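Down below is the structure, laid out as structure tokens.
The values are calculated or read from the model by the stated rules, or taken from the named source; none is laboratory data. Model, not experiment: these values are computed from the prediction. Reconstructed Cβ throughout: ideal geometry from the backbone, glycine too, with neighbour counts over all protein chains shown. All accessible areas refer to the heavy atoms of the entire protein, side chains included, with ligands and DNA or RNA removed. Shrake-Rupley method; radii C 1.70, N 1.55, O 1.52, S 1.80 Å.
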Amino acid sequence: MRESGILMPITSLPSPWGVGTLGSEARGFIDFMAEAGVSVWQVLPIVPTSFGDSPYQSFSTFAGNPYLIDLDDLAADGLLERAEYEGRAWGEDPSRVDYGALYRERFEVLGCAVRRLIDQRGDEYRAFCEREAAWLDDYALFMALKDEHGGKPWSTWETPLRHRDPAALADAASMLADRIDFWRGVQFLFFEQWERLHTYAHEAGVRIMGDVPIYVAEDSADVWSHPEQFQLDDDLRPIETAGCPPDGFSATGQLWGNPLFDWEYMRCDGYSWWLKRLAFQLDLYDILRIDHFRGFDSYFAIPAGANTAAGGRWRKGPGIEFFQVMERELGRCNIVAEDLGFLTPSVHQLLADSGYPGMRVLEFAFDSRDGGGALYLPYAYPHHCVAYVGTHDNDTALGWLKTAPAGDAALAREYLHLDAEEGENWGLMRGIWASPADLAIVQMQDLLGLGSEARINTPSTVGSNWCWRALPGFATPELAARVHRQMELYHRLPLRPSDEDEPEERSDMETTQENKGA
């Protein structure tokens, strides 16, 4: 079945409180998608953000982002008074997220809600803590210790805490009990609201596509609580770190800085940490995009402390064995493989062996800096893939046309018959909607006809990423009707009950996830 989706970070939704949340605007966006005939909402990782405000650098791969908790919904649940959050400085520009303002204001407000939660619904809170203890205990203690150390990375803490001496941890847990309760309570609030939103999406016929980064941040509860899973020295410092080599977009490559996995240890351990991680993610989402899929074939390792990625080298990853173990333990899962970047025959073979759909990015078909070429032209797309004009790491459609080399933009205009009167962004989107791809996803910014000012992320830069927000009223009935007509033209409308007499072809993207919560 042919489907369509919209890539829209939750943080990019409007709200009066500084950032998009899991509340009424998210429900309204789901209503917009249903009216537009769009069946998949792709979100960025919903984890807490840390350095650079990136959802790909998080304090935890399991926890939810406190900023996404909706304050109005907390008030409706009797956990907040409006006076506790109205009138605070949430940021001056409604089109941008002010993460500094959120950091200064949000946690005090959430503290009020957590105290009422524990007082009014203590049994539910304690049941949640017991159910999620496998990750929640370490995360809450980690965050409480970060608070105690003024937010400093765990690598700077006292040796007994860095090395998780049992006596030191017990003392800290006793001393910081109230703060640990706060961080546990925040997670209760997040996941309660997430489940409500997910249920709302299902009732509207919209599936949520999540995103799991391949790597975790060095300053995270994951590395602190499971150092044996990573390539660390005796002092728990990374030996090598993650990144990608120089390419047409960056002469020195990208230096991500994440610690690398100890794949040999993980293999001997049956990939237990990864299985828990993926089972958790697959329970949150209907479809899961695995970022940097090529890293499972081979990964780029950069000496710790290097200033650029230029001195890195390729090392062998776990290969198909990893996915065979995952399928054996979790069942056949609804996975999308982000197979972009420097690809080799062995990466293509790994994707084929896994059976997962890969990705095609239309901008790459014309951009001489990337060299993607014909592989990314719409006629060459297999059915079993997810097509994009651009992802969150690319410019918007109109931004790309303006900033790409003149010859590249001219070729795209000629090939796709782009028309300024229609809107050249619509011509680019039609390119993937008309393609054979089972699922075609466009950025919300492209539906709105926005330029580079609305770009979500520019890799290898910090300071202005992850900030774009749509303004109130962005998802209009007129826009929904226009999108719906395109979905009709390109046969991407969701099946209706009246269509049940028609033969239905199902792909891996539609299969039910069995045992996904195992």
Long-range neighbours under 8 Å by Cβ, at least six apart or interchain, first residue touching a residue at least 40 places away in the same chain (Cβ under 8 Å) and farther than 20 Å from R27 by Cβ within the stretch 465-488, second among the basic types (K, R) and outside any loop (DSSP other than H, G, I, E, B): C467/R96; W468/R96; Q486/R430
Restricting the stretch 158-195 to residues that are over 30 Å from V109 (Cβ atoms) and in contact (Cβ under 8 Å) with a residue 12 or more places away in the chain, which is surrounded by the fewest Cβ atoms within 10 Å (Cβ to Cβ)? H163
Of V442, V462, the only residue that is open to solvent by 50 Å² or more (accessible area, probe 1.4 Å) and in contact with a helix residue (DSSP H, G or I) (Cβ under 6 Å, 6 or more places away or on another chain) is V462
Check whether at least one residue in the stretch 286-302 is farther than 15 Å from Y215 by Cβ and small (G, A, S), and report yes or no. no
Could we say that L428 is closer than 25 Å to L44 by Cα, touching a residue at least 60 places away in the same chain (Cβ under 8 Å), under 22 Å from the mean Cα position of the chain (by Cα) and open to solvent by less than 20 Å² (accessible area, probe 1.4 Å) here? no
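Taking the stated definitions as given, is A437 outside any loop (DSSP other than H, G, I, E, B) and open to solvent by less than 10 Å² (accessible area, probe 1.4 Å)?
On the way: outside any loop (DSSP other than H, G, I, E, B): no; open to solvent by less than 10 Å² (accessible area, probe 1.4 Å): yes.
Answer is no for this residue.
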For the stretch 83-125, what are the residues that are out of contact with any helix residue (DSSP H, G or I) (no Cβ under 7 Å at 6 or more places or on another chain), open to solvent by 50 Å² or more (accessible area, probe 1.4 Å) and part of a helix (DSSP H, G or I)? A83, Y103, R104, E108, R115, R116, D119, Q120, D123, E124
Considering only the stretch 18-28, I want to know if a residue exists there that is of a type in the set (S, T, Y) and either under 20 Å from L495 (Cβ atoms) or surrounded by 23 or more Cβ atoms within 10 Å (Cβ to Cβ) (or both). yes
If I filter the stretch 329-345 for residues that are among the basic types (K, R) and loosely packed, with under 14 Cβ neighbours inside 10 Å, do I get at least one hit? no
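Picking from T396, T391, T403, which residue would you name as being surrounded by fewer than 18 Cβ atoms within 10 Å (Cβ to Cβ) and of a type in the set (V, I, T)?
T403
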Filter result (under 24 Å from T476 (Cβ atoms), of a type outside the set (D, E) and assigned to a loop (DSSP other than H, G, I, E, B)) within the stretch 406-433: L418, A420, G423
All but one of (1) part of a loop (DSSP other than H, G, I, E, B); (2) free of Cβ contacts under 8 Å to residues at least 60 places away in the same chain; (3) over 21 Å from the mean Cα position of the chain (by Cα); (4) closer than 28 Å to G451 by Cβ hold for L343; state the number of the condition that does not hold. (4)
So if I check each of S155, S250, which one is in contact (Cβ under 8 Å) with a residue 40 or more places away in the chain, in a helix (DSSP H, G or I) and either within 30 Å of G78 (Cα to Cα) or open to solvent by 10 Å² or more (accessible area, probe 1.4 Å) (or both)? S155
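So how many residues does the stretch 126-145 have that are in contact (Cβ under 8 Å) with a residue 12 or more places away in the chain and either over 25 Å from the mean Cα position of the chain (by Cα) or assigned to a helix (DSSP H, G or I) (or both)?
Within the stretch 126-145, the first condition is being in contact (Cβ under 8 Å) with a residue 12 or more places away in the chain, and the residues that meet it are 128-129, 132, 134-136, 138-145.
When the remaining residues are screened for being either over 25 Å from the mean Cα position of the chain (by Cα) or assigned to a helix (DSSP H, G or I) (or both), the result is 128-129, 134-136, 138-145.
The qualifying residues number 13.
Can you name the residue in the stretch 219-236 that is in a helix (DSSP H, G or I) and in contact with a strand residue (DSSP E or B) (Cβ under 8 Å, 6 or more places away or on another chain) and, of all such residues, is nearest to W157 (Cα to Cα)? Walk me through it before giving the result.
Step one: list which residues in the stretch 219-236 are in a helix (DSSP H, G or I), which gives 221-225, 227-229.
Those left that are additionally in contact with a strand residue (DSSP E or B) (Cβ under 8 Å, 6 or more places away or on another chain): 223, 229.
Details: V223: 14, Q229: 20 Å.
Out of the qualifying residues, it is V223.
Restricting the search to the stretch 281-298, which residues are touching a Pro at 6+ places or on another chain (Cβ under 8 Å) and open to solvent by 10 Å² or more (accessible area, probe 1.4 Å)?
Let us first name the residues in the stretch 281-298 that are touching a Pro at 6+ places or on another chain (Cβ under 8 Å), namely 291-292, 296.
Those that are touching a Pro at 6+ places or on another chain (Cβ under 8 Å) and open to solvent by 10 Å² or more (accessible area, probe 1.4 Å): D291, H292.
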